[in-house]
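The values are calculated or read from the model by the stated rules, or taken from the named source; none is laboratory data. Source: prediction; values computed, not measured. Neighbour counts run over all protein chains shown; Cβ positions are idealised from the backbone, glycine included. Note: areas computed on protein heavy atoms with side chains; ligands, DNA, RNA excluded. Shrake-Rupley method; radii C 1.70, N 1.55, O 1.52, S 1.80 Å.
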Amino acid sequence: MKGKFFGIIRKIPTLLVRLLKAIGGFFALLGRFFARIGRGIWELLCRNKSFARFAYVTFPVKRDKAIGFIKNNRFSQFIKRNKLKIIIPFAALIVAFGTMLVSTVKNSENSDYFPEYVPLGQYGMRVFTYQTFDHSDIKRGSIFLGWTDGVLNLAEGETTARIKATVYPINMDDTQIEWSVSDEEYATIDQNGVIEAKAPGRVRIYARLVNYGAVAEAKLLIRQPVTGVILPTSTLTLYKGGSARYLDARIFPANATNKNVSWSSKNPRIATVDQNGTVKPVSAGMTEITATTEEGGFEAKCFVTVVNPSVDVESLTLQNGRDMTMTEGDSVNAVVTVTPINARNKTLKWSSSNTSVASVSQTGRIRAVGEGTANITAESVNGIRITFEVAVNAAEKEPEETESEYPADGSVVYTSYNETFPEAVATQMAQNPPPKKWTAGGGVYATEAETAEYMNPNNYFEDVYKYQFLDLSMPNGVSEDALNAYLADKGILRGQAAAFIRAANEYGLSEIYLVAHACLETGNGTSQLSRGREVNGTTVYNMFGIGAYDDSALSSGALRAYQQGWTSVEASIMGGAQWISEHYINSGITRQNTLYKMLWNPERPGYHQYATDIGWAVKQAVSISKMFASLGGAAAAYEVPVYNGMIPPVINTN
């Protein structure tokens, strides 16, 4: 018995070892089971960005300690030294759990799975788990792109971009990537990931790991930025209580991605506008309708005039006298007053009964062609007529003294033109170079809206601005003493009244205009060009800036004065006046007898214009108004342009 007992006792350690091995095996299986569950739970938790950021930054420290404990801990050395086999299953269990932690938790600083240049919090974490850190035998891989949503603007050379791809595991031998795009109409991509934009639109970028089939994709929006906006209708006339009008805003370029605009009215009490661009008249007056692009804040304006319901022409009156007598070769403006003054359309149609005796232009300019008589007729659009006789004498006869040589004082002539106002503005903008806006800092190219603002007769016609429509072919009858008093503080122009008056009478010009023009061009008689400049040993003068081009005003203006022989102030005044009369105010080709017509030439827009500054006529008008106010009693007549379809302004001649 005693032997059997001790035999059983001796077997107990072996049995215990087997039992413990069995238990250890069970726990090993249980550990692997929990490891899988743990990895699943971990991966699920890492889908939360906040948890993933915390875990990937914090846990690597614990991982290193766990590895160090397993390798170097005294308890582990004690186990090896004493070879206690009963501890092995427990060590296996610890190793199983340690492996789970080591294989699932990666540090963001040395991670094999996430690119270092991408902020970790931008991703919902996806965790890859392997049994070891040696991935050389892995036959599958993953690919990540540097961005998932991108935007590329087609602006000033910014047509290319690069997308970076990273393959995981990072020590895979074959990382060949094949790039492609969903639609090459919008963009192409080379095999280095360089994208070249072709046209605005949306595309998808695909990166495929050639030998493993893994695919990643990114979205790309290609935008065309807005560079400007125009309103094809830059002026609009509406009737109070009448129908609304729709304005169309054109975005530039035509393929711009964002074509949204907002609309506003400077004065909603005159006209309102909704966000579709529909303008509704409210009360009589003028206002501005502005379209503003959502992108870039570019603006375009339409100048809206709201007038009272239509008033027809009731009568026509000839201001030059009932009949006219002229001499062959002469010409004169027929001045007809329209009643009532607020008639909607004051445009007149002119005709001659005998063009071999006297011809008449559609501006009312009568030219004596041959001896005899002819009837001249002016007719309004609603059929009101006036007819008067013109008698033409032979050229050898002395011309009779008549009051019809120049337009009557206080009269207003409305001259119609074939082009619409938007067409005329478009012609101006198509010039090379385009119109300029001059400020204290120099000249810059004017926008279409700025050009239209100054070009529209309905914008600058009240008070002092009416003088841009002053008929410059009519002497004003100012005395020499009064004019010299005005010139007393005008530098080199001081005491030159007699020259200005003689030039006005000899060449059929307004002496007030000549003085105002000279003061503006010479800086009130102080400019170097007006005070004399030497050319080839001869001192010459230029009082009107004739031939003084923008980029070489002093040298080119002096050269023109030298070529014309303007070797004194008086010679410059007389010669300049003759040149202005022959080339502009009384020209037989295109009669530009107002400041407005000299600048904009509505008969032939964009051609033969005196200045490039869009504000030239208005600035001159202000100067002329000051002279009329200081001189007193000066005679004045006006001519207002009427573009096709436009309602002209009512000029107050008082």
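If I take every Cα pair under 8 Å that is 6 or more residues apart in the range 518-566, average their sequence separation and divide by the length, what percent do I get for the relative contact order? Intermediate values should be presented prior to the final figure.
Values: 68 pairs, mean separation 15.3, N = 49.
Relative contact order, the range 518-566: 31 percent.
The calculated FRET efficiency for residue 196 paired with residue 555, based on their beta-carbon distance and R0 = 60 Å, is about 0.75.
Once neighbouring chains are kept in place and the probe is 1.4 Å, which whole percent of the accessible area of the range 583-637 is contributed by carbon and sulfur?
Numbers: 910 of 1730 Å².
For the range 583-637, the apolar C and S fraction of the accessible surface comes to 53 percent.
By a 1.4 Å probe calculation restricted to protein chains, residue 465 has an accessible surface near 80 Å², given to the nearest 10.
With a 1.4 Å probe and every protein chain left in place, work out the accessible area per residue of the range 501-654 in Å², rounded to a whole number. If you can, show how the numbers build up before the last one.
Details: 5630 Å² over 154 residues.
On a per-residue basis, 37 Å².
Remark: the range 260-379 carries 45 Å² of accessible area per residue (probe radius 1.4 Å; ligands, DNA and RNA excluded).
Shape of the range 194-295 from its Cα gyration tensor (a ≥ b ≥ c, root eigenvalues): rounded if a/c is under 1.5, otherwise prolate when a/b > b/c, or oblate? Walk me through the numbers before you get to the answer.
Working: a/c = 5.26, a/b = 4.14, b/c = 1.27.
Since a/c reaches 1.5 and a/b is larger than b/c, the shape of the range 194-295 is classed as prolate.
Per residue, the range 195-257 exposes 48 Å² of accessible surface when a 1.4 Å probe is rolled over the protein heavy atoms with every protein chain present. On the basis of the beta-carbon distance and an R0 of 60 Å, residue 538 and residue 275 show a calculated FRET efficiency of 0.35. In terms of packing, defined here as the mean over residues of other Cβ atoms within 10 angstrom, the peptides 415-425, 375-385 line up highest first as 415-425, 375-385.
Can you tell me what the convex hull of the Cα atoms of the range 495-639 projects to on average, as an area in nm²? Kindly include the intermediate steps, with their values, before the conclusion.
Numbers: hull surface 34.9 nm².
The Cα convex hull of the range 495-639, projected and averaged over all directions, gives 8.7 nm².
Dividing the Cα convex hull volume of the range 263-326 by residue count, how many Å³ per residue is that? Walk me through the numbers before you get to the answer.
Numbers: hull volume 9.2 nm³, N = 64.
Once divided by residue count, the hull of the range 263-326 is 144 Å³.
With contacts taken as Cα pairs under 8 Å at a separation of at least 6 residues, the range 189-347 carries a relative contact order of 19 percent.
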